[in-house]
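Report on the following structure.
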Amino acid sequence: WKEDAIDLSLPVFGREVTHRLRVWLEFRGDGAFYSHNHFVQFFVRLLRREGVPIAYKGQFNPQARLAFALALSTGMESLGEPCDLFLTAPVEPGSVARRLNPLLPRGIRVIREEEVPLEAPSLSKVIEAVEYQVRVPEEILVAPFPEDLSDRLASLEGLEALEVDPGEKTLSFRALPVKGGFIKPYQLVKDYLPVEEGKERAVQVIRRVVLKEELSKP
């Protein structure tokens, strides 16, 4: 793969997968408001445009071979979403980030990449937990955090390493997989915080996720 080459030709199907590259993407600010499906479609086109030798599977409806660990909820920031790229040729270390970052939407960038063995476990099997930090803005709470909030949240299945900071209106927790998924921050807000019903959708209530910075509106 030549780093200075741009290949706009149609992808070649049926090539054998020879390499597997794991990349981590950061979604912050405006970048948090791209839906997962739309971003994946854009990402595949960008990989092709920049000549990254992404493999394809299928015959009648070929699909690019890449796999995200989890689908990031729209409106949530992330400091590192892992994605496996299955390639038909090797690439130079760091070259994907150098080529893609200037072209990715504002707030999204590749922050890390490394080659992993083809036979390595899938991302869904590698990830053991997800760490969240949720800061609930003062103006959407109709009352302070309940005094027993820590005890109530600690009883949730799949939740550990919980910290509650009433002064900062911040919840920090580590969620373990339960029944094929993970606890979502908006579930905690919806079920355990005194948010005025009908004032805002639960997912809109959380304007600050992972970082303590206010998210920009789309």
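Readers should treat all values here as calculations from the given coordinates under stated rules, not as data from a laboratory. The shown structure was predicted, so the numbers you read here are calculated from the model rather than taken from an experiment. Cβ sites come from the backbone with ideal geometry, for glycine too, and all protein chains shown count toward neighbours.
Taking 0.36 nm per residue of separation and subtracting the Cα-Cα distance, what length does fully extending residue 111 through residue 71 add? Show your work: numbers first, answer last.
Numbers: separation 40, 0.36 × 40 = 14.40 nm, distance 1.80 nm.
Extending this stretch completely gives an extra 12.6 nm.
Dividing the Cα convex hull volume of segment 24-127 by residue count, how many Å³ per residue is that? Don't jump to the answer; show the numbers that get you there.
Details: hull volume 11.2 nm³, N = 104.
Measuring per residue, one finds 108 Å³ for the Cα hull of segment 24-127.
Taking 0.36 nm per residue of separation and subtracting the Cα-Cα distance, what length does fully extending residue 60 through residue 125 add? Before the final figure, lay out each step's value.
Numbers: separation 65, 0.36 × 65 = 23.40 nm, distance 2.92 nm.
My answer for the length gained is 20.5 nm.
Please give the FRET efficiency for residue 152 paired with residue 89, using the beta carbon to beta carbon distance and R0 = 45 Å, rounded to the nearest 0.05.
Numbers: r = 53 Å, r/R0 = 1.17.
So, using R0 = 45 Å, E works out to roughly 0.30.
Within the set of other residues whose C-beta is less than 15 Å from the C-beta of residue 17, count the net charge using Lys and Arg as +1 and Asp and Glu as -1. Each step should come with its number before you reach the end.
Numbers: positive: 15, 20, 22, 57, 65; negative: 16, 84, 115, 119.
After counting each charged neighbour, the total is +1.
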